[in-house]
1. Which one of Ser316, Ser306, Ser312 is touching a residue at least 40 places away in the same chain (Cβ under 8 Å) and out of contact with any Asp or Glu (no Cβ under 8 Å at 6 or more places or on another chain)?
2. Tell me yes or no: at least one residue of segment 88-97 is out of contact with any Gly (no Cβ under 8 Å at 6 or more places or on another chain), among the acidic types (Asp, Glu), more than 29 Å from Lys12 (Cα to Cα) and in a helix (DSSP H, G or I).
3. Working only within segment 94-122, note down all residues that are of a type in the set (Val, Ile, Thr), at pLDDT 85 or above and over 20 Å from Ile45 (Cα atoms).
4. I'm trying to understand the selection: among the residues of segment 279-298, which are surrounded by 15 or more Cβ atoms within 10 Å (Cβ to Cβ) and over 24 Å from Asp228 (Cβ atoms)?
5. Just checking, how many residues over segment 240-278 are surrounded by 14 or more Cβ atoms within 10 Å (Cβ to Cβ) and not in a loop (DSSP other than H, G, I, E, B)?
6. Can you pull out the residues in segment 367-381 that are of a type in the set (A, V, I, L, M, F, W, C) and touching a residue at least 12 places away in the same chain (Cβ under 8 Å)?
7. Scan segment 273-285 and report the pairs whose first residue is under 11 Å from Glu260 (Cα atoms) and whose second residue is loosely packed, with under 15 Cβ neighbours inside 10 Å and basic (Lys, Arg), with Cβ atoms within less than 7 Å and a gap of 6+ or a chain change.
8. What helices (runs of 4 or more DSSP H), lying completely within segment 1-66, carry at least 3 residues that are at pLDDT below 80 and surrounded by fewer than 18 Cβ atoms within 10 Å (Cβ to Cβ)?
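The values are calculated or read from the model by the stated rules, or taken from the named source; none is laboratory data. The model shown is predicted, which means the values in this text are computed figures rather than measured ones. We place every Cβ from the backbone using ideal geometry, glycine too, and count neighbours over all the protein chains shown.
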Amino acid sequence: MRFIPRLKIRGKRATAEQIESEISALIQGNGSRPYPIPTSEIAKILGISRTTIYYYLNRLKEQGKVSKKDTGRFDLPKSPEYIFRFFNKDHPITSEPLVAEWMDDLTTRKGGQPITNWRTRIRAIESVCNSCQIHPSDLLVSQRNTEKIMRSYANLARQKKIHRDKRGRKSNNITVTMYNRVQAVRDFCGFYEITWRRGVGGIMSQKVPNHGMYADLRLTEKELEQADQFIKERFGLDSDIYRWFWVGIESCARFEALYEMNLDYERHVGKTGKTTYIMTVYESKTKYIRGGKWYKYITRQDTQKSIDLLKSKNQSRIFETGMPKGKFRVQISDQLCQIYKHLEKANPYFFHHPNHSLRHIGAHYWLSKKDYNYGLVAEIGGWHTIDELKKSYGQIPPEKILEIIG
């Protein structure tokens, strides 16, 4: 289908010649602005699409008024302001109009509320621009140009030459780094209608790194008994680590949710006389599902005893408050690692992610108890899709398969 350009600029009808003349003047710096304007800004000034801009650039090329480089890109004059300047607190990337408009979308995208990691995405664009010494508008020239920039960024990442903001979590895993940077770049480009199809391979792939690699991470029933005995002997029943370990497993809650978890509960006694403590947590990662509120079911008697011992001290959370959050995380992570070391666990994931390992252990704990009823366990553990529970947390162990197939 042949492209038919719009015959309007700034919302008013115009002839093709008038639009062509306006674009030419803005590119050369002879128009309403006394310096050359990049095409992305011209599109915003005139209220037309970049496709329309490039239609008229090709017309100007046929007239010999503009030329193309060997790369196929138009060789256009650059404004003195276009010379690259390092983005930092004195020259924030959000001062760039293209990024500022995108940021407005990021911070209002969820029904007027921001997406959780909007700051991380802006810092990712800043890292790409500073590392490759480009302007944000360079990411919007074409898919091919963006992919070229991201390949260059990946090479710099392998050489450990990328520029990073001091804020946020750092990763030395290039695959994870590139996944996060590409996610941000795709979002930025998508806002300006440059998109990549779902499932695309290559540098712009958004295949989740290590997805499903730790779906078999678990503790057997015997190992859970050994862990319980170890914690009681070393730390005691009335200890933060005892509650953190077992509430973490039965709730499958993430660190932040577990840290903010209120000690209050509703006692439920079943037909058989079994007592369950029904507690609640707030998972910020799923705050757009039920407001992030999930019910948790604490069924172990010793865990309940430990909770009541702490409750008798007028504490409000599942650990004795008073320690700064960062220091608490270090302490509880160290104690979890002591447990995994005692159990002689070899998988480094236990030691690199001691807290999140509890969510994996909890998935298998409940799946084993409920005969791999994924729907029920997804509800208990707080997975909003059964597929995510299956793929990332709940791989059926070999002994269970052998039991089923007889």
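1. Ser316
2. no
3. Thr107, Thr108, Ile115, Thr120, Ile122 - these are the residues of segment 94-122 that are of a type in the set (Val, Ile, Thr), at pLDDT 85 or above and over 20 Å from Ile45 (Cα atoms).
4. Across segment 279-298, the qualifying residues are Thr280, Tyr282, Glu283, Thr286, Gly292, Trp294.
5. Summing the residues that are surrounded by 14 or more Cβ atoms within 10 Å (Cβ to Cβ) and not in a loop (DSSP other than H, G, I, E, B) in segment 240-278 gives 20.
6. Those that are of a type in the set (A, V, I, L, M, F, W, C) and touching a residue at least 12 places away in the same chain (Cβ under 8 Å): Leu367, Val377, Ile380.
7. From segment 273-285, the pairs are Thr280/Lys293; Tyr282/Lys293.
8. On the way: elements: 16-28, 39-46, 50-62.
In segment 1-66, the matching helices (runs of 4 or more DSSP H) lie at 39-46.
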